[in-house]
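Participant: Pasting in a structure now, in structure tokens, and then I'll have a few things to ask.
The values are calculated or read from the model by the stated rules, or taken from the named source; none is laboratory data. This structure is a prediction, so every number in the text was calculated from the model and none was measured. Counting neighbours? That spans all protein chains shown, and the Cβs are built from the backbone with ideal geometry, glycine included.
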Amino acid sequence: MIRLSCLFSTCVLASVSAGFASPTIAVDKTTFDCGVILEGKTDKLHAQFTVKNTGDAPLRIDNVRPGCGCTVVKFDTLVLPGKSSVIQSTVNIANFHSGALSKSITVQSNASNSPSMQLTITASIKPIIEVSEQYVTLTQQKPHTIVLASAKKDLHITEVILKTASSGASSTPSWQTTVPLQIAFKVASTDSTRSDGLLVFKLDLTAPAVTERMSGQFVIKTNHPDKPEILLNGSIER
């Protein structure tokens, strides 16, 4: 009777233990930092997160949902106890401008400790040529100064034009609206270096004489092989 009782108790304990078995999730990092990226030099960022099942039952990953359409993910749907898997992420940054980047993905699973977990992909996008302003207004009274910063020591500006935007109310002949206006300019190094190592240049723009306000896009042409043009919206006032 004693042996039967012990055997019965063992079966009960095994059954109870199996009933409490559950998967738990752990990741090697919750944030993947892609570092500093030069604007226009990289089309895609790649990040990966290692997921481990630290529990004693199979971990089922139901969904890995990106925060936006620019992010694509690949993942395994099942991770056995004690095993690891990798969530692979790709962020399309082909048309992104300079600034801090942060993209999130949400991992949904049957993990008992964290059924919904957020992971983050970060990067810092730096401009090849940094410009002090994004909208330029030129007046007839005095030159307008734009500050440029670049790692290129011999940065030169070769031409500045304004591509005008036609307006139905404009008295300018239609054929003239397609002819870019040449902008007089002068560029000079300031012999100043910023803390991030970029050299500082000053670009003076002088407005041509106009009979009416002209608006459009300034095209600043440079000798930088990775940034041959800087595009800025703006206007020339009478």
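Participant: Could you count how many residues in segment 180-223 are small (Gly, Ala, Ser) and part of a strand (DSSP E or B)?
Facilitator: Here is the first cut: in segment 180-223, the residues small (Gly, Ala, Ser) are 184, 188-189, 192, 195, 197, 207, 209, 215-216.
So of that shortlist, the ones also part of a strand (DSSP E or B) come out as 184, 188-189, 192, 215-216.
Result for segment 180-223: 6.
Participant: Further, regarding this structure: Go through segment 190-231 and give me each residue that's surrounded by 14 or more Cβ atoms within 10 Å (Cβ to Cβ), among the hydroxyl-bearing types (Ser, Thr, Tyr) and at pLDDT below 95.
Facilitator: 215
Participant: Let me ask something else. Taking the condition among the small types (Gly, Ala, Ser), farther than 30 Å from residue 181 by Cα, surrounded by 15 or more Cβ atoms within 10 Å (Cβ to Cβ) and not assigned by TED's automatic domain parsing to the domain that holds residue 217, does residue 89 pass? Break it down into steps so the answer makes sense when it comes.
Facilitator: On the way: among the small types (Gly, Ala, Ser): yes; farther than 30 Å from residue 181 by Cα: yes; surrounded by 15 or more Cβ atoms within 10 Å (Cβ to Cβ): yes; not assigned by TED's automatic domain parsing to the domain that holds residue 217: yes.
Yes: the conditions hold for residue 89.
Participant: Mind telling me which of the residues 98, 150 ends up being surrounded by 14 or more Cβ atoms within 10 Å (Cβ to Cβ), outside the structural domain of residue 35 (by TED's automatic domain parsing) and within 19 Å of residue 41 (Cα to Cα)? Lay out the reasoning, then the answer.
Facilitator: Values: 98 fails: outside the structural domain of residue 35 (by TED's automatic domain parsing).
Just one listed residue meets the conditions, 150.
Participant: Determine whether segment 53-60 contains at least one residue that is over 17 Å from the mean Cα position of the chain (by Cα), surrounded by fewer than 14 Cβ atoms within 10 Å (Cβ to Cβ), modelled with pLDDT of 95 or more and in the same structural domain as residue 97 (by TED's automatic domain parsing).
Facilitator: Within segment 53-60, none of the residues are over 17 Å from the mean Cα position of the chain (by Cα), surrounded by fewer than 14 Cβ atoms within 10 Å (Cβ to Cβ), modelled with pLDDT of 95 or more and in the same structural domain as residue 97 (by TED's automatic domain parsing).
Participant: Kindly check whether there is at least one residue in segment 90-102 that is within 25 Å of residue 24 (Cα to Cα) and part of a strand (DSSP E or B). Give the derivation first.
Facilitator: First, the residues of segment 90-102 that are within 25 Å of residue 24 (Cα to Cα): none.
No.
Participant: Across segment 104-129, what is the number of residues that are touching a residue at least 24 places away in the same chain (Cβ under 8 Å), of a type outside the set (S, T, N, Q) and either more than 25 Å from residue 196 (Cα to Cα) or in contact with a Lys or Arg (Cβ under 6 Å, 6 or more places away or on another chain) (or both)?
Facilitator: Keep residues of segment 104-129 that are touching a residue at least 24 places away in the same chain (Cβ under 8 Å), which gives 104-114, 117-129.
From the residues that got through so far, the ones that are of a type outside the set (S, T, N, Q) too are 105, 107, 111, 117, 119, 121, 123, 125-129.
Subsequent filtering for residues that are either more than 25 Å from residue 196 (Cα to Cα) or in contact with a Lys or Arg (Cβ under 6 Å, 6 or more places away or on another chain) (or both) retains 105, 107, 111, 117, 119, 121, 128-129.
Of the residues in segment 104-129, 8 are touching a residue at least 24 places away in the same chain (Cβ under 8 Å), of a type outside the set (S, T, N, Q) and either more than 25 Å from residue 196 (Cα to Cα) or in contact with a Lys or Arg (Cβ under 6 Å, 6 or more places away or on another chain) (or both).
Participant: When segment 60-94 is examined, which residues are found to be free of Cβ contacts under 8 Å to residues at least 40 places away in the same chain and among the acidic types (Asp, Glu)?
Facilitator: Selection gives 76 alone.
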